[in-house]
Amino acid sequence: MITVLCGGVGAARFLRALALVEPADAAVGVVNTGDDTILHGLRISPDLDTITYTLAAAIDPERGWGLQDETWRAMAALRRYAEVRPAGSEAAPTWFNLGDQDLATHFYRTARLAEGATLTAVTAEISAAWSVRQRLLPMTDERVSTVVTLASDGSDVSFQEYFVKLQHGVPVSHVRFDGATTAKLTPAAAAAITLADAVVIAPSNPLVSIAPIRALHGTDELLAGRRDSVVAISPIVGGLALKGPADHMLNELGHEPTVVGVARLYAPIARALVIDPLDDHLADAVAAEGIEPVIVASVMSTPEISAELVRRTLAAARC
Ligand code: FO1
């Protein structure tokens with residue numbers, strides 16, 4: 001069993017690549033739910049859905065989220081009501097785009113949770129509906145919400161307001177995970193970390209995708225307890241994030257926005273950090289952080305490059 005700590009797009013692509021090398025049903029994703037949000041009264045789990053849709057080969061390849069061949073008629077119809085919405089009302093939000101087919105996922109998840117099902121159970125049902133053979137586990141069945149404090153005025157916004165409404169284009173001064181001090185890693189997720197032959201930290205944002213998983217009581221202890229078979233993949237290549245705000249968030253939150261900054265964050269829980277050849281001049285600085293640099297092409301632009309990244313990552317976790 002190979003357990004992968006997951007955020008969104010980068011993790012989804014790594015899990016897809018993993019299936020090129022290992023049987024799909026040997027892979028387990030422990031997925032961040034700090035991005036989850038409630039809009040239109042619907043429970044939305046973007047990282048779980050991005051991974052599910054990617055592994056189902058149904059993801060929209062340009063957006064990296066939501067479904068391919070999507071239509072947006074429900075969103076367009078909502079605009080009529082956004083016109084008449086009283087000031088201060090949260091009804092008919094049109095800033096977060098929900099495609100017509102994507103809505104079905106949120107309808108189903110919302111209804112099942114309202115019946116008392118756990119997010120773990122509902123996620124398994126959604127995976128089955130998409131014939132996804134990898135086991136996808138939410139990090140917790142309780143509500144954990146990533147809250148971003150804006151550097152401009154100290155105001156707090158939800159992760160999705162920061163990421164989508166503000167296009168992650170504004171400096172942040174703090175990130176916190178409401179609920180993480182009491183929420184528990186699910187027993188399934190804890191077992192997936194403990195019993196795996198290898199644990200991979202996917203190339204996701206260390207501060208808002210992997211950090212919420214680590215903020216849950218016990219996660220870091222479980223990982224540190226098997227650090228020799230934990231390998232992280234840097235989401236920073238050549239000083240830039242491949243997708244999303246990881247590079248400028250690292251900087252804004254006081255970390256070095258390079259593979260060295262990532263190494264410092266992961267050294268306590270991972271034996272090795274996979275870095276791209278573009279960053280090989282920083283390999284010694286990474287090693288100085290107490291984590292072994294493994295230099296492998298990390299931009300998963302072709303199946304061959306992706307499969308080699310998987311093979312080298314697993315080799316680093318098993319030696
Ligand atoms: N990302 C956007 O940039 N704009 C959107 O309108 C948007 C809608 C959306 C709907 C469902 C979903 O599962 C993901 C969606 N995302 C959107 C991506 C979302 O913000 C993710 O949290 C990010 O990809 C970061 O993980």
Just a yes or no: is a residue in region 38-54 without any contact (Cβ under 8 Å) to a residue 40 or more places away in the chain, in a loop (DSSP other than H, G, I, E, B) and more than 10 Å from the ligand (Cβ to nearest atom)? no
Looking only at strands (runs of 3 or more DSSP E) that fall completely inside region 122-204, which ones have 2 or more residues that are buried (at least 19 other Cβ atoms within 10 Å of the Cβ) and not small (Gly, Ala, Ser)? 135-138, 145-150, 172-178, 198-201
Subset of region 59-96 [free of Cβ contacts under 8 Å to residues at least 60 places away in the same chain, in a loop (DSSP other than H, G, I, E, B) and within 13 Å of the ligand (Cβ to nearest atom)]: Asp60, Glu62, Arg63, Trp65, Gly66, Glu70, Trp72, Pro93, Thr94
Only listed residue being under 24 Å from Thr194 (Cβ atoms), buried (at least 18 other Cβ atoms within 10 Å of the Cβ) and modelled with pLDDT of 95 or more, chosen from Val260, Val230: Val230
Does Arg214 fit the bill of being surrounded by 15 or more Cβ atoms within 10 Å (Cβ to Cβ), more than 16 Å from the ligand (Cβ to nearest atom) and in a helix (DSSP H, G or I)? yes
Look at region 14-31 and say how many of its residues are within 24 Å of Glu62 (Cβ to Cβ) and touching a helix residue (DSSP H, G or I) at 6+ places or on another chain (Cβ under 7 Å). 7
State all residues of region 272-292 that are more than 21 Å from the chain's Cα centre (by Cα) and not hydrophobic (A, V, I, L, M, F, W, C); if no residue qualifies, say none. Pro277, Asp279, Asp280, His281, Asp284, Glu289, Gly290, Glu292
Sort out which residues of region 108-141 are small (Gly, Ala, Ser) and at negative phi, and write them in order of number. Ala111, Ala114, Ala117, Ala121, Ala124, Ser127, Ala128, Ala129
Inside region 4-23, the number of residues satisfying the requirement of being more than 11 Å from the ligand (Cβ to nearest atom) and closer than 17 Å to Leu309 by Cβ is 12
Inspect region 189-201 for any residue being touching a helix residue (DSSP H, G or I) at 6+ places or on another chain (Cβ under 9 Å) and within 16 Å of the ligand (Cβ to nearest atom) and give the result as yes or no. yes
Give region 97-113 a look and list any residue that's in contact with a Ser or Thr (Cβ under 9 Å, 6 or more places away or on another chain) and within 10 Å of the ligand (Cβ to nearest atom), or say none. Gly99, Thr105, His106
By residue number, the members of region 47-90 that are more than 23 Å from the chain's Cα centre (by Cα) and surrounded by 13 or more Cβ atoms within 10 Å (Cβ to Cβ) are Trp72, Ala74, Met75, Leu78, Ala82, Arg85
Exactly one condition in (1) in contact with a Lys or Arg (Cβ under 8 Å, 6 or more places away or on another chain); (2) touching a residue at least 40 places away in the same chain (Cβ under 8 Å); (3) not β-branched (Val, Ile, Thr) is false for Ala121; which is it? (2)
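The values are calculated or read from the model by the stated rules, or taken from the named source; none is laboratory data. What you are looking at is a predicted structure, and each value in this text was computed from that prediction instead of being measured. We place every Cβ from the backbone using ideal geometry, glycine too, and count neighbours over all the protein chains shown.
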